[in-house]
Amino acid sequence: MSANGPYLAEIAHLMGDPARANMLHALMDGRALTAKELAFLAGVAPQTASGHLAKLMQGGLLGVAVQGRHRYYRLAGPEVATALEGLMVLSGGQTNGRRLPSRVGADLARARTCYDHFAGRLGIAIHDALVAGGHLSVAEGGYGLTRSGVALFAGLGIDLAAASKGRRAALRPCLDWSERRPHLAGSLAAALACRCFETGWVKRVKDSRAVILTDDGRAALEAGLPGFRCDEPEAALTPPVRAPLTISA
(Lines give C-alpha, C1' and ligand atoms only; values in the text may rest on other atoms or scores of the structure.)
Protein backbone atom coordinates (compact mmCIF):
# COMPACT_ATOMS: atom_id res chain seq x y z
CA MET A 1 0.00 0.00 0.00
CA SER A 2 1.32 3.41 -0.96
CA ALA A 3 1.97 5.91 1.82
CA ASN A 4 1.39 8.76 -0.62
CA GLY A 5 -1.89 9.75 -2.23
CA PRO A 6 -5.41 8.90 -1.12
CA TYR A 7 -5.82 5.56 0.65
CA LEU A 8 -9.35 5.53 -0.77
CA ALA A 9 -7.93 4.59 -4.17
CA GLU A 10 -6.13 1.58 -2.67
CA ILE A 11 -9.30 0.34 -0.97
CA ALA A 12 -11.32 0.88 -4.16
CA HIS A 13 -8.72 -1.14 -6.08
CA LEU A 14 -8.99 -4.01 -3.60
CA MET A 15 -12.78 -4.08 -3.84
CA GLY A 16 -12.80 -3.59 -7.61
CA ASP A 17 -11.36 -6.95 -8.56
CA PRO A 18 -14.28 -9.28 -9.49
CA ALA A 19 -12.99 -12.26 -7.50
CA ARG A 20 -12.30 -10.17 -4.40
CA ALA A 21 -15.67 -8.43 -4.77
CA ASN A 22 -17.41 -11.82 -4.84
CA MET A 23 -15.53 -12.89 -1.70
CA LEU A 24 -16.49 -9.73 0.15
CA HIS A 25 -20.10 -10.06 -0.94
CA ALA A 26 -20.21 -13.66 0.29
CA LEU A 27 -19.10 -12.52 3.75
CA MET A 28 -21.74 -9.82 4.12
CA ASP A 29 -24.02 -12.07 6.18
CA GLY A 30 -21.57 -11.79 9.09
CA ARG A 31 -20.44 -15.40 9.04
CA ALA A 32 -16.89 -16.67 8.55
CA LEU A 33 -15.86 -18.87 5.62
CA THR A 34 -12.75 -20.87 4.76
CA ALA A 35 -10.43 -20.03 1.87
CA LYS A 36 -11.73 -23.08 -0.01
CA GLU A 37 -15.33 -21.94 0.35
CA LEU A 38 -14.45 -18.41 -0.75
CA ALA A 39 -12.51 -19.73 -3.74
CA PHE A 40 -15.60 -21.65 -4.86
CA LEU A 41 -17.89 -18.63 -4.45
CA ALA A 42 -15.42 -16.39 -6.29
CA GLY A 43 -14.95 -18.89 -9.13
CA VAL A 44 -11.17 -19.05 -8.80
CA ALA A 45 -8.59 -21.70 -7.95
CA PRO A 46 -7.68 -22.10 -4.25
CA GLN A 47 -4.13 -20.88 -4.89
CA THR A 48 -5.46 -17.76 -6.60
CA ALA A 49 -7.92 -17.22 -3.75
CA SER A 50 -5.06 -17.29 -1.23
CA GLY A 51 -3.40 -14.37 -2.99
CA HIS A 52 -6.63 -12.38 -3.02
CA LEU A 53 -7.27 -13.09 0.66
CA ALA A 54 -3.76 -11.96 1.58
CA LYS A 55 -4.35 -8.63 -0.17
CA LEU A 56 -7.72 -8.14 1.53
CA MET A 57 -6.12 -8.90 4.90
CA GLN A 58 -3.30 -6.46 4.22
CA GLY A 59 -5.82 -3.78 3.27
CA GLY A 60 -7.70 -4.21 6.55
CA LEU A 61 -10.90 -5.45 4.90
CA LEU A 62 -10.83 -8.97 6.33
CA GLY A 63 -10.11 -10.57 9.67
CA VAL A 64 -9.22 -14.19 10.30
CA ALA A 65 -9.87 -16.63 13.14
CA VAL A 66 -7.72 -19.74 13.52
CA GLN A 67 -9.27 -22.90 14.95
CA GLY A 68 -6.93 -25.87 14.83
CA ARG A 69 -5.76 -26.31 11.24
CA HIS A 70 -8.57 -24.17 9.84
CA ARG A 71 -8.58 -20.45 9.08
CA TYR A 72 -11.93 -18.70 8.88
CA TYR A 73 -12.21 -15.35 7.13
CA ARG A 74 -14.79 -12.67 7.87
CA LEU A 75 -15.26 -8.96 7.21
CA ALA A 76 -13.05 -6.84 9.44
CA GLY A 77 -16.07 -4.99 10.81
CA PRO A 78 -19.50 -3.49 10.13
CA GLU A 79 -17.95 -0.46 8.43
CA VAL A 80 -16.72 -2.74 5.63
CA ALA A 81 -20.26 -4.11 5.15
CA THR A 82 -21.59 -0.54 5.11
CA ALA A 83 -19.15 0.44 2.37
CA LEU A 84 -20.07 -2.62 0.31
CA GLU A 85 -23.79 -1.95 0.72
CA GLY A 86 -23.22 1.64 -0.48
CA LEU A 87 -21.36 0.42 -3.55
CA MET A 88 -24.23 -1.93 -4.34
CA VAL A 89 -26.58 1.06 -4.24
CA LEU A 90 -24.38 2.89 -6.77
CA SER A 91 -24.24 -0.20 -8.99
CA GLY A 92 -28.00 -0.50 -9.00
CA GLY A 93 -27.82 -3.81 -7.16
CA GLN A 94 -26.38 -5.51 -10.26
CA THR A 95 -24.32 -8.67 -9.94
CA ASN A 96 -21.66 -9.99 -12.28
CA GLY A 97 -22.08 -12.59 -15.02
CA ARG A 98 -22.47 -15.38 -12.44
CA ARG A 99 -26.00 -14.23 -11.65
CA LEU A 100 -28.14 -15.89 -9.02
CA PRO A 101 -31.45 -17.36 -10.18
CA SER A 102 -34.28 -14.84 -10.07
CA ARG A 103 -35.98 -16.79 -7.26
CA VAL A 104 -32.95 -16.30 -5.02
CA GLY A 105 -32.85 -12.63 -5.95
CA ALA A 106 -36.47 -12.26 -4.86
CA ASP A 107 -35.66 -14.01 -1.58
CA LEU A 108 -32.78 -11.61 -0.93
CA ALA A 109 -35.00 -8.62 -1.66
CA ARG A 110 -37.63 -9.93 0.74
CA ALA A 111 -35.35 -10.57 3.73
CA ARG A 112 -31.61 -10.96 4.14
CA THR A 113 -28.74 -10.12 6.46
CA CYS A 114 -26.48 -7.13 5.93
CA TYR A 115 -23.45 -8.17 7.97
CA ASP A 116 -25.16 -8.76 11.36
CA HIS A 117 -28.50 -6.97 10.95
CA PHE A 118 -31.59 -7.36 8.78
CA ALA A 119 -32.00 -5.85 5.30
CA GLY A 120 -34.47 -6.11 2.44
CA ARG A 121 -38.17 -5.59 3.08
CA LEU A 122 -37.83 -7.18 6.53
CA GLY A 123 -35.20 -4.63 7.57
CA ILE A 124 -37.18 -1.78 6.03
CA ALA A 125 -40.37 -2.87 7.80
CA ILE A 126 -38.63 -2.89 11.19
CA HIS A 127 -37.08 0.53 10.55
CA ASP A 128 -40.29 2.11 9.30
CA ALA A 129 -42.42 0.76 12.15
CA LEU A 130 -39.95 2.20 14.68
CA VAL A 131 -40.00 5.57 12.91
CA ALA A 132 -43.79 5.68 12.54
CA GLY A 133 -44.28 4.75 16.19
CA GLY A 134 -41.99 7.51 17.43
CA HIS A 135 -39.55 5.04 18.93
CA LEU A 136 -36.45 6.59 17.29
CA SER A 137 -34.97 10.03 17.79
CA VAL A 138 -32.36 11.72 15.63
CA ALA A 139 -28.96 11.59 17.31
CA GLU A 140 -25.44 12.52 16.26
CA GLY A 141 -24.36 10.10 13.55
CA GLY A 142 -27.56 8.08 13.63
CA TYR A 143 -30.53 7.33 15.88
CA GLY A 144 -31.31 7.22 19.56
CA LEU A 145 -34.17 5.47 21.34
CA THR A 146 -37.07 7.40 22.81
CA ARG A 147 -38.60 6.24 26.08
CA SER A 148 -41.12 4.14 24.19
CA GLY A 149 -38.30 2.71 22.08
CA VAL A 150 -36.42 1.59 25.19
CA ALA A 151 -39.55 -0.18 26.44
CA LEU A 152 -40.18 -1.73 23.02
CA PHE A 153 -36.68 -3.22 22.67
CA ALA A 154 -36.82 -4.51 26.24
CA GLY A 155 -40.21 -6.05 25.53
CA LEU A 156 -38.71 -7.94 22.59
CA GLY A 157 -36.13 -9.45 24.94
CA ILE A 158 -33.16 -7.22 24.06
CA ASP A 159 -30.61 -6.55 26.83
CA LEU A 160 -30.04 -2.86 26.10
CA ALA A 161 -27.09 -2.45 28.45
CA ALA A 162 -25.20 -5.42 27.00
CA ALA A 163 -26.01 -4.49 23.39
CA SER A 164 -24.89 -0.88 23.86
CA LYS A 165 -21.40 -1.67 25.17
CA GLY A 166 -18.40 -0.67 23.08
CA ARG A 167 -17.76 2.22 20.72
CA ARG A 168 -20.06 1.02 17.95
CA ALA A 169 -23.15 3.15 17.29
CA ALA A 170 -26.22 1.65 18.93
CA LEU A 171 -28.56 2.54 16.05
CA ARG A 172 -27.95 4.14 12.69
CA PRO A 173 -29.52 4.12 9.22
CA CYS A 174 -27.93 1.90 6.59
CA LEU A 175 -28.99 2.46 2.99
CA ASP A 176 -30.60 -0.69 1.58
CA TRP A 177 -29.43 -1.44 -1.99
CA SER A 178 -32.60 -3.27 -3.04
CA GLU A 179 -35.16 -0.94 -1.44
CA ARG A 180 -33.10 2.27 -1.78
CA ARG A 181 -34.23 3.37 1.69
CA PRO A 182 -32.64 2.99 5.12
CA HIS A 183 -32.85 -0.13 7.19
CA LEU A 184 -31.58 -0.25 10.77
CA ALA A 185 -27.94 -1.00 11.62
CA GLY A 186 -25.83 -0.75 14.77
CA SER A 187 -25.31 -2.83 17.88
CA LEU A 188 -28.99 -2.82 18.89
CA ALA A 189 -30.06 -3.84 15.38
CA ALA A 190 -27.55 -6.68 15.58
CA ALA A 191 -28.92 -7.68 19.00
CA LEU A 192 -32.44 -7.73 17.56
CA ALA A 193 -31.32 -9.98 14.70
CA CYS A 194 -29.56 -12.29 17.16
CA ARG A 195 -32.71 -12.45 19.28
CA CYS A 196 -34.80 -13.33 16.21
CA PHE A 197 -32.43 -16.16 15.27
CA GLU A 198 -32.29 -17.49 18.85
CA THR A 199 -36.08 -17.62 19.18
CA GLY A 200 -36.63 -19.05 15.71
CA TRP A 201 -38.60 -15.97 14.63
CA VAL A 202 -36.23 -15.73 11.68
CA LYS A 203 -34.34 -18.62 10.09
CA ARG A 204 -31.31 -18.62 7.82
CA VAL A 205 -31.32 -20.05 4.31
CA LYS A 206 -28.38 -22.38 3.73
CA ASP A 207 -25.57 -20.94 1.59
CA SER A 208 -27.37 -17.61 1.19
CA ARG A 209 -27.74 -14.21 2.84
CA ALA A 210 -31.49 -14.69 2.53
CA VAL A 211 -33.49 -15.33 5.70
CA ILE A 212 -37.07 -16.42 6.33
CA LEU A 213 -39.49 -14.70 8.68
CA THR A 214 -41.48 -17.51 10.29
CA ASP A 215 -45.15 -17.33 11.21
CA ASP A 216 -44.19 -17.16 14.90
CA GLY A 217 -41.71 -14.40 14.10
CA ARG A 218 -44.28 -12.38 12.18
CA ALA A 219 -46.74 -12.70 15.04
CA ALA A 220 -44.11 -11.75 17.64
CA LEU A 221 -42.92 -8.69 15.72
CA GLU A 222 -46.45 -7.54 14.92
CA ALA A 223 -47.33 -7.81 18.61
CA GLY A 224 -44.14 -6.27 19.95
CA LEU A 225 -43.66 -3.67 17.20
CA PRO A 226 -47.01 -2.07 16.30
CA GLY A 227 -47.18 -1.11 12.63
CA PHE A 228 -44.80 -3.85 11.51
CA ARG A 229 -45.99 -5.23 8.14
CA CYS A 230 -43.32 -7.20 6.27
CA ASP A 231 -45.65 -8.75 3.70
CA GLU A 232 -47.10 -5.41 2.66
CA PRO A 233 -44.09 -3.16 1.89
CA GLU A 234 -46.23 -0.32 0.53
CA ALA A 235 -48.15 -0.11 3.80
CA ALA A 236 -44.89 0.28 5.69
CA LEU A 237 -43.90 3.47 3.87
CA THR A 238 -43.56 6.45 6.23
CA PRO A 239 -42.09 9.95 5.96
CA PRO A 240 -38.31 9.60 6.35
CA VAL A 241 -36.49 10.81 9.44
CA ARG A 242 -33.86 13.39 8.57
CA ALA A 243 -30.82 11.64 9.95
CA PRO A 244 -27.36 11.59 8.36
CA LEU A 245 -26.47 8.44 6.43
CA THR A 246 -22.95 8.25 7.80
CA ILE A 247 -20.40 5.47 7.67
CA SER A 248 -19.00 4.89 11.13
CA ALA A 249 -15.23 4.93 11.46
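The values are calculated or read from the model by the stated rules, or taken from the named source; none is laboratory data. All values reported here derive from a predicted model rather than from experimental measurement. Positions of Cβ are generated from backbone atoms using ideal geometry, with glycine treated the same way; all protein chains shown enter the neighbour counts. Just so you know, the surface numbers come from the protein's heavy atoms only, side chains and all, with ligands and any DNA or RNA stripped out. Shrake-Rupley method; radii C 1.70, N 1.55, O 1.52, S 1.80 Å.
Some notes on this structure:
- All positions within the range 3-35 that are open to solvent by 40 Å² or more (accessible area, probe 1.4 Å) and either in contact with a His (Cβ under 6 Å, 6 or more places away or on another chain) or part of a helix (DSSP H, G or I) (or both): Tyr7, Leu8, Ala9, Glu10, Ala12, His13, Gly16, Pro18, His25
- Residue within the range 213-231 that is more than 13 Å from Ala125 (Cα to Cα), crowded, with 22+ Cβ neighbours inside 10 Å and in contact with a strand residue (DSSP E or B) (Cβ under 7 Å, 6 or more places away or on another chain) present: no
- Members of the range 36-64 that are assigned to a helix (DSSP H, G or I) and open to solvent by less than 30 Å² (accessible area, probe 1.4 Å): Leu38, Ala39, Ala42, Ala49, His52, Leu53, Leu56
- Sub-9 Å Cβ pairs linking a first residue in the range 127-147 that is under 11 Å from Pro173 (Cβ atoms) and at pLDDT 90 or above to a second residue that is assigned to a helix (DSSP H, G or I) and open to solvent by 40 Å² or more (accessible area, probe 1.4 Å), at least 6 apart or interchain, number zero.
- Extreme residue, farthest from Arg172 (Cα to Cα), among residues of the range 91-122 that are modelled with pLDDT of 55 or more and assigned to a loop (DSSP other than H, G, I, E, B): Gln94
- Applying the criterion of being farther than 15 Å from Arg20 by Cβ and either buried (at least 17 other Cβ atoms within 10 Å of the Cβ) or at pLDDT 85 or above (or both) to the residues of the range 65-76, the residue that is nearest to the chain's Cα centre (by Cα) is Tyr72.
- Scan the range 171-200 for residues that are of a type outside the set (D, E, K, R), under 19 Å from Arg110 (Cβ atoms) and under 12 Å from the mean Cα position of the chain (by Cα) and the total you get is 9.
- Considering (1) among the aliphatic types (A, V, I, L, M); (2) at pLDDT 90 or above; (3) under 19 Å from Gly120 (Cα atoms), the lone condition that Met88 does not fulfil carries the number (2).
- Which numbered condition Ser187 misses (of (1) surrounded by fewer than 21 Cβ atoms within 10 Å (Cβ to Cβ); (2) closer than 23 Å to Gly217 by Cα; (3) touching a residue at least 24 places away in the same chain (Cβ under 8 Å)): (1)
- Picking from residues in the range 201-212 that are open to solvent by 20 Å² or more (accessible area, probe 1.4 Å) and more than 22 Å from Glu37 (Cα to Cα), the one that is nearest to the chain's Cα centre (by Cα) is Ile212.
- Near pairs, Cβ below 7 angstrom, 6+ apart or cross-chain, from the range 11-30 (of a type in the set (Asp, Glu)) to any residue that is in a helix (DSSP H, G or I) and surrounded by fewer than 18 Cβ atoms within 10 Å (Cβ to Cβ): none
- Considering the range 165-184, and only residues there that are touching a Leu at 6+ places or on another chain (Cβ under 7 Å) and free of Cβ contacts under 8 Å to residues at least 40 places away in the same chain, the residue that is surrounded by the most Cβ atoms within 10 Å (Cβ to Cβ) turns out to be Leu171.
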